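**Student:** Sharing a structure, written as structure tokens. Questions coming.
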Amino acid sequence: MSKTKPTMIASISLDLDDQWSYMKVHGDEGWETFPSYLDIVVPVFLDMFDKLDIKITFFIVGQDAAIEKNKKVLQSIVDRGHEVGNHSFHHESWLKTYSKEKIEAEIEQAEESILQATGKRTNMFRGPGFSWSNDLLEVLQKRNYIFDASLLPTYISPLMRMYYFNKSKLTKEEKESRKELFGSFKEGFYPLKPFNWKFRNSKGLLEIPVTTMPFFKLPFHQSYLLYISGVSMGLMKMYLRFAIFMCKLTKTPPSYLLHPLDLISGDLVPQLSFFPGMNIKSEKKMKVFEIAITMLKKHFELLPMEQFAKKLSVNRKVIETKAH
Ligand SMILES: [Zn+2]
């Protein structure tokens, strides 16, 4: 049974946000002891990826890698053939407001703890809450990262922030310090296709944006599909089919993003019931997940991000870094 292999490539990655990081953003007490669900979440994902026969990139939060009891489960990610990336140390979505020194310390500390936990030194980065700045890009470039993957080109960032604040218990001061959460309307004007950042007097840095729907710039990562599937499974399939069609039409190789809560629900982690979609049963989430990944696999060769970056065409658009 020979089937033609898809000619276009797509990358697939998971931001391994832990229970405490959701609690922290939400302003819930108790996050300081770093309650974790990694021992529940990671094995479920690994089994699912085996079943679907794909390898992905896990962006790991340094703080989790620094905790002894998490090390075994983080090691299993590498043992089962997946890539690991740096998702910052403290997972603070206002990373872009940090000084350059603080950013450098953050990146290095995460790198070291991920190395300790998994035996791999990573050189791939995605910022928490799609947070990035010029200083961050310069630090990554200096440390020879192969790419940054923090950009989410969408016009709806301010809406996402409003939704989050509305649902949160944050004080006025906390909201003020987090007003950059999810970025601004301007994010929507950046390209969807991978491109090179250009620095003064030095080589560039590859950016692999999280792909949103070409032209419309509406997100289509797994969490959104899950949300739409709550309205109707048929609508979800139609939305994804249209997103795939638009990517092919515009020759955009998608970077597809996953989150732990795409497979895990309130039935397994009740503390997170405030989060959108947590009333959906885990079993249903898995079904939606399988449908979406199977659809993507039909059209794209799904790759973890380092492999994806190596296969990308070198003829890329160059953008000057600009304070933001
Ligand atoms: Zn995250």
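**Student:** Condition first: modelled with pLDDT under 90 and not small (Gly, Ala, Ser). Now tell me which residues in the stretch 197-210 satisfy that.
**Tutor:** Of the stretch 197-210, the ones modelled with pLDDT under 90 are 198-204.
Hits for the stretch 197-210 are LYS198, PHE199, ARG200, ASN201, LYS203.
**Student:** Go through the stretch 71-108 and count every residue that is on the phi > 0 side of the Ramachandran plot and more than 14 Å from the ligand (Cβ to nearest atom).
**Tutor:** If we filter the stretch 71-108 for residues that are on the phi > 0 side of the Ramachandran plot, which is where we start, we get 81, 88, 91.
Filter once more, so that each one left must be more than 14 Å from the ligand (Cβ to nearest atom): 81.
Number satisfying all stated conditions: 1.
**Student:** From (1) more than 24 Å from ARG126 (Cα to Cα); (2) hydroxyl-bearing (Ser, Thr, Tyr); (3) free of Cβ contacts under 8 Å to residues at least 60 places away in the same chain, pick out the condition that doesn't hold for SER223.
**Tutor:** Going through the list (1) more than 24 Å from ARG126 (Cα to Cα); (2) hydroxyl-bearing (Ser, Thr, Tyr); (3) free of Cβ contacts under 8 Å to residues at least 60 places away in the same chain, SER223 breaks only (1).
**Student:** For the stretch 94-138, give me each residue that is among the basic types (Lys, Arg), over 20 Å from VAL25 (Cβ atoms) and either under 15 Å from the mean Cα position of the chain (by Cα) or in a helix (DSSP H, G or I) (or both). Step through it out loud before you land on a result.
**Tutor:** First, the residues of the stretch 94-138 that are among the basic types (Lys, Arg): 96, 100, 102, 120-121, 126.
Remaining after also requiring over 20 Å from VAL25 (Cβ atoms): 100, 120-121.
Result: LYS100, single match.
**Student:** I'd like the full set of residues that are out of contact with any Gly (no Cβ under 7 Å at 6 or more places or on another chain) and either at pLDDT 95 or above or crowded, with 18+ Cβ neighbours inside 10 Å (or both), limited to the stretch 14-27. Outline the logic, then answer.
**Tutor:** So the first thing to find is which residues in the stretch 14-27 are out of contact with any Gly (no Cβ under 7 Å at 6 or more places or on another chain), and the list is 14-22, 24-27.
Within the stretch 14-27, LEU14, ASP15, LEU16, ASP17, ASP18, GLN19, TRP20, SER21, TYR22, LYS24, VAL25 qualify.
**Student:** Also, I was wondering about something else. Based on this model, can you work out whether VAL25 counts as within 15 Å of the ligand (Cβ to nearest atom), within 18 Å of ALA110 (Cα to Cα), under 20 Å from the mean Cα position of the chain (by Cα) and among the β-branched types (Val, Ile, Thr)?
**Tutor:** Details: within 15 Å of the ligand (Cβ to nearest atom): yes; within 18 Å of ALA110 (Cα to Cα): no; under 20 Å from the mean Cα position of the chain (by Cα): yes; among the β-branched types (Val, Ile, Thr): yes.
So VAL25 does not fit the description; no.
**Student:** Does any residue in the stretch 201-212 that is open to solvent by 10 Å² or more (accessible area, probe 1.4 Å) come within less than 8 Å, Cβ to Cβ, of a residue that is β-branched (Val, Ile, Thr) six or more places away or on a different chain, and which pairs are these?
**Tutor:** Matching pairs, first to second residue: GLY204/VAL318; LEU206/ILE146.
**Student:** Filter the stretch 122-133 down to the residues that are away from the ligand (no atom under 16 Å from the Cβ) and either over 11 Å from GLY85 (Cβ atoms) or among the small types (Gly, Ala, Ser) (or both) and list them by number. Spell out how you get there, then give the answer.
**Tutor:** As a first pass, look at the stretch 122-133 and keep what is away from the ligand (no atom under 16 Å from the Cβ): 123, 133.
Within the stretch 122-133, SER133 is the sole residue that qualifies.
**Student:** If only one of ALA105, ALA66, ALA10 is surrounded by 15 or more Cβ atoms within 10 Å (Cβ to Cβ) and over 29 Å from PRO254 (Cα atoms), which one is it? Break it down stepwise before answering.
**Tutor:** Working: ALA105 fails: surrounded by 15 or more Cβ atoms within 10 Å (Cβ to Cβ); ALA10 fails: over 29 Å from PRO254 (Cα atoms).
Going through ALA105, ALA66, ALA10 in turn, the sole match is ALA66.
**Student:** Search the stretch 81-103 for residues that are without any contact (Cβ under 8 Å) to a residue 12 or more places away in the chain and pair each with any residue that is surrounded by fewer than 16 Cβ atoms within 10 Å (Cβ to Cβ) when their beta-carbon atoms are under 9 Å apart and the residues are at least 6 apart or on different chains.
**Tutor:** none
**Student:** Any residue in the stretch 10-35 that's under 17 Å from PRO260 (Cα atoms) and of a type in the set (S, T, N, Q): show its pairings with residues that are open to solvent by 20 Å² or more (accessible area, probe 1.4 Å) and more than 15 Å from the ligand (Cβ to nearest atom) at Cβ separation under 6 Å, as long as the two are six or more apart or on different chains.
**Tutor:** GLN19/PRO35
**Student:** Now, a different point. Quick one: in the stretch 137-169, which of the residues that are farther than 18 Å from VAL210 by Cβ and open to solvent by less than 40 Å² (accessible area, probe 1.4 Å) is modelled with the lowest pLDDT?
**Tutor:** Here the residue is PHE165.
**Student:** Only one of LEU14, LEU46 is within 13 Å of the ligand (Cβ to nearest atom), closer than 24 Å to PHE289 by Cα and hydrophobic (A, V, I, L, M, F, W, C). Can you tell me which? Before the answer, list the steps.
**Tutor:** On the way: LEU46 fails: within 13 Å of the ligand (Cβ to nearest atom).
Residue meeting the stated conditions: LEU14.
The values are calculated or read from the model by the stated rules, or taken from the named source; none is laboratory data. From a predicted model like this one, the values you see are computed outputs, not experimental measurements. Methodologically, a virtual Cβ is constructed for each residue, glycine included, from the backbone with ideal geometry; neighbour enumeration extends over all protein chains shown. Heavy atoms of the whole protein, side chains included, go into the accessibility calculation; ligands, DNA and RNA do not. Shrake-Rupley method; radii C 1.70, N 1.55, O 1.52, S 1.80 Å.
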